[in-house]
Amino acid sequence: MQEKLTKFGVVSENVEKAAKGFRDEVVPLADVSFDNLNSIKIGGKAFNLKPLAGQSMATRLQVPYRYLERCDADLQAINLNAWVEKQKADSSYLYVRYDGDAVRAVFTKRFVPLDNLDIVNEMSKLGIQDDADVQCYMDDRFMMLNVPSPEKKFALTKKDEMIPGFGVSNSEVGLASFSVSSFLLR
């Protein structure tokens with residue numbers, strides 16, 4: 001994860017590059033099987049299962065993740081596939097978020113995604129210029145973007161200048177929900 005002062009246009013480009021391999025799909029639980037905790041098959045096609053997605057899947061299947069981590073690969077598959085078999089009779093569906101050939105997150109089908117790309121595009125529509133200075137903290141699981149407004153700077157005293165701004169944060173993989181906050185840079 002990297003936190004630094006940069007330009008909004010750079011953040012926008014980085015978010016767009018990161019999103020190139022992203023896609024989403026609603027899949028029936030009956031189409032899911034496991035080779036182990038790191039490998040999932042959906043509709044017969046194998047995908048790597050990122051750790052956060054594995055944790056989420058274990059939670060959905062009500063299998064303790066810490067227990068699965070300690071099992072060997074064969075026992076992981078037996079446990080996970082047994083719980084899929086038990087729960088697929090409910091006609092359950094999963095909302096699966098992919099990153100190329102990896103599953104990056106798993107949710108219930110009620111999940112309503114809010115992608116970082118959508119957020120950055122809306123901020124651009126609201127008038128944030130590509131050359132605006134912003135502070136960005138972003139990795140494949142979380143984005144925090146702070147936008148100061150230096151043109152609205154004020155001082156309570158000569159030595160006490162304040163720059164107001166707003167921040168947005170979002171996790172496309174379920175670590176946190178979208179939020180907006182305000183701040184004063186002192």
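The HN-Hα couplings worked out from phi for segment 52-57 by the Karplus form 6.51 cos²θ - 1.76 cosθ + 1.60 (θ = phi - 60°) are 5, 5, x, 4, 5, 5 Hz, whole numbers, x standing for Gly and Pro. Taking Cα Rg over 2.2 N^0.38 Å straight from the coordinates, which label in (i) 1.07; (ii) 1.29; (iii) 1.19 is the correct one? So the structure-derived entry is (ii).
A 1.4 Å probe run over the protein chains yields, for the chain, 59 Å² of accessible area per residue, whole-number rounding.
Here the accessible area is traced with a 1.4 Å probe on the protein chains. For the chain, carbon and sulfur cover 51 percent of it.
Could you compute the net charge surrounding residue 161? Neighbours are other residues with a C-beta less than 14 Å from the C-beta of residue 161; K and R count +1, D and E count -1. Working shown, then result.
On the way: positive: 152, 153, 158, 159, 186; negative: 151, 160.
Within the 14 Å Cβ shell, the charges total +3.
The local environment of residue 111, defined by Cβ-Cβ distances under 15 Å, has a net charge of +1 under the rule Lys, Arg +1 and Asp, Glu -1. Axis angle, to the nearest 10 degrees, between helix 116-125 and the longest C-alpha principal axis of the chain: 30 degrees.
Against the main long axis of the alpha-carbon atoms of the chain, helix 73-87 sits at an angle near 90°.
With each label modelled as a point 7 angstrom along the Cα→C-beta vector, the residue 86-residue 41 pair spans 2.2 nm.
The values are calculated or read from the model by the stated rules, or taken from the named source; none is laboratory data. A quick note: this is a predicted structure, and the numbers were derived from the prediction, not measured. Counting neighbours? That spans all protein chains shown, and the Cβs are built from the backbone with ideal geometry, glycine included. Surface accessibility is based on the protein's heavy atoms, side chains included, excluding ligands, DNA and RNA. Shrake-Rupley method; radii C 1.70, N 1.55, O 1.52, S 1.80 Å.
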